[in-house]
Amino acid sequence: MADQKEILSGLAEIVNEVAGVPVDSVQLDKAFTDDLDIDSLSMVEVVVAAEEKFGVKIPDDDVKDLRTVGDAVTYIAQAGA
Amino acid sequence: MSATPRSDAQTVVITGLGATTPVGGDVASTWDGLLAGRSGVRSLTEEWASELPVQFAARVAVDPGDVLDRVEARKLDRTQQLALIAAREAWSDAGSPDVDRERLGVSIATGIGGALTLLGQWDIYRESGPRRVSPHTIPMLMPNGPAAVVGLEISARAGVHTPVSACASGAEAVAQGLAMIRGGRADMVVVGGTEACIHPLPLAAFAAMRALSKRNDDPAGASRPWDTGRDGFVFGEGAAVLVIETAEHAKARGAKIYGEVAGAGITADGHHIAQPDPEGKGATRAMRIALADAGAEPTDVVHINAHGTSTPLGDLAEALAIRTALGDAAAQVAVTSTKSMTGHLLGAAGAVESLACVMALHDQLVPPTINLENLDPEVQLDIVAGQARKLADDRFPGAVALNNSFGFGGHNVALAFRSYP
């Protein structure tokens, strides 16, 4: 079971791979769209990669609530990572 | 010179060039390679090639992955990558002008579109299921994807087009750009073609048509237009882009001018889906229409960059069409096929060869047709065999070069370029 720090670090690797954002810039308070410039198509890639990496399910209806990196880390932690 | 000069507002000129081809990663290296008679055809070393009847192709000399940023490249099909590289070079060559974006257009063709993406994502689907299919698949595989990416790059808003007419597509894209400017829709259009589908399925499919050369023991010698030993075309990839605008627009911004896009002729054979009309009637009409559109006579033509794909039937039909279209003047024309070096770039061919025509007039040098050892006696044209040839000064100014492109489906496009001024 991954802790929040490990989830953040794993998510940062995914965001870096998908969108080229430096790993250090992927912080809990950053918004995917406004701060990290991740468009809706790239967000789909991030979600699918996160599901695979952390062994969780993130339904499309829940994705719209994941505004910031912190939202995603919390969601993944609660979903049983 | 017999042409009635058009006004600067009606004259369309070329002010920027870009390319990435099997012969070179940019215009300078491509043009040097063509003049030097360098072949870009190589054996395919991939494991899958061993079971194919054709085991060679003409890959781009510089891989797009070595040029583009990784994150940018992963959202682009290879056709888009090559188009973007060529367009950036052409736009920069044109001076990256600050022009009215609502008067700036794009016309970038492809023959096949994002086949590598379609086939690659199908592999992912079958191996890992539908959820792993990339959300970028559709923007990558759609045939208008390369034009759209180039349009986004330069914020072109006068209209972004993708003519699709198989191996005539690249030339049709140039004609479309010319029509946009003459029709008053744009002051400036970025035109060209791109293709990238070297993969076992398209190779097997073209081989199944018996369209490809099978000279596996001599890849560099496989593309041999008009040679008695020709046995089909060589599959290639690449892109070329030209920036065109009215002479008035070019002069107002102090742009350098390479030459004039003087005319275009587009016809259809109405004969067969894949065989050329053996009499080349549609091709003949295309050349005549292009010359009339350019206000030029057959005696103005100094050079033809032929379609010349190295197929047994097509090369002879085109030779007949050239002789018919130009009559006695055909004997005074330096004819070449740069496909002998680049292979056949399908939807990019007409764009790469337009660029070669423009450079030939600009430098007064015609690139050679390589591998021409025994000229087919039925050709009866002055082919520039083996070595580049200087074009005589007394044919300039006002010298015209034609570029022919023909595609499966019976599409014929002839473009007329003129030296400038």
Fill in: In order through region B:388-396: 3J(HN,Hα) via Karplus (6.51 cos²θ - 1.76 cosθ + 1.60), integer Hz, x for Gly, Pro
4, 10, 6, 8, 5, 4, 6, 8, 10
Practice prompt. List every residue whose amide H lies under 5 Å from the amide H of B:GLY263, counting only residues 5 or more places away in sequence or on a different chain, with H placed 1.01 Å from N in the peptide plane.
Written response: B:ALA416
Practice prompt. Taking 7 Å along the Cα-to-C-beta vector as the label spot, tell me the B:TYR125-B:ALA28 distance in nanometres, rounded to one decimal.
Written response: 4.5
Worksheet item: Taking all protein chains as present, what is the carbon and sulfur share of the accessible area of region B:263-418, in % to the nearest whole number, probe 1.4 Å?
Response: 53
Practice prompt. Pop a pseudo-label 7 angstrom from the Cα along the beta-carbon direction at both A:GLU17 and B:ASP98 and give the gap in nm to one decimal.
Written response: 4.3
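Quick one: length gained pulling B:ALA9 to B:ARG210 fully straight, 0.36 nm per residue minus the C-alpha distance?
Numbers: separation 201, 0.36 × 201 = 72.36 nm, distance 4.71 nm.
Gain on extension, B:ALA9 to B:ARG210, equals 67.6 nm.
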Worksheet item: Taking the convex hull of the alpha carbon atoms in region B:263-418, what volume per residue do you get, in Å³?
Response: 93
Worksheet, complete the sentence: Here the FRET efficiency for B:LYS251 versus B:ARG70, based on Cβ atoms and R0 = 56 Å and rounded to 0.05, is 0.85
Discussion item. Given a 1.4 Å probe, show me the residues in region A:25-56 buried by at least 50 Å² of accessible surface when comparing the whole protein assembly to the chain alone.
Written reply: A:LEU41, A:GLU45, A:VAL48
Discussion item. If you average the alpha carbon positions of region B:330-356 and of region B:11-87, how far apart do those two centres end up, in angstrom?
Written reply: 16
Worksheet item: Got a sec? Which residues in region B:285-322 would a label at B:ASP328 touch, if it sits 7 Å along Cα→Cβ and we count backbone N under 16 Å?
Response: B:297-301
Discussion item. Antiparallel versus total DSSP beta bridges in region B:263-418: what percent is that, nearest 5?
Written reply: 65
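Within chain B, what is the longest stretch that has no GluC sites (Glu not before Pro) placed in a DSSP loop and near at most 14 other beta-carbon atoms within 10 Å?
Details: sites that count: B:GLU46, B:GLU279, B:GLU373, B:GLU378.
Segment B:47-278 is the longest.
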Practice prompt. Read phi for every residue in region B:67-77 and hand back ³J(HN,Hα) as whole Hz from Karplus 6.51 cos²θ - 1.76 cosθ + 1.60, θ = phi - 60°, with x for Gly and Pro.
Written response: 10, 8, 4, 4, 5, 5, 5, 6, 9, 10, 5
Worksheet item: Non-local amide H neighbours of B:VAL60 (under 5 Å, H modeled in plane, Pro and chain starts lacking H): which ones?
Response: B:GLU237
Worksheet entry | Inter-label distance for A:ALA31 and B:GLU297, nm, one decimal - labels placed 7 Å from Cα along Cα-to-Cβ | 7.0
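Too long at a 29 Å Cα-Cα cut-off: which of B:LYS75/B:LYS256; B:LYS251/B:LYS339; A:LYS5/A:LYS57; B:LYS281/B:LYS390? Walk me through the intermediate numbers first.
Values: B:LYS75/B:LYS256 34 Å; B:LYS251/B:LYS339 34 Å; A:LYS5/A:LYS57 20 Å; B:LYS281/B:LYS390 31 Å.
Where the Cα-Cα span goes over 29 Å, the pairs concerned are B:LYS75/B:LYS256; B:LYS251/B:LYS339; B:LYS281/B:LYS390.
The values are calculated or read from the model by the stated rules, or taken from the named source; none is laboratory data. Every value quoted in this text rests on a predicted model; they were computed, and no experiment measured them. Cβ sites come from the backbone with ideal geometry, for glycine too, and all protein chains shown count toward neighbours. These area figures cover heavy atoms from the full protein model, side chains too; ligands, DNA and RNA do not enter into them. Shrake-Rupley method; radii C 1.70, N 1.55, O 1.52, S 1.80 Å.
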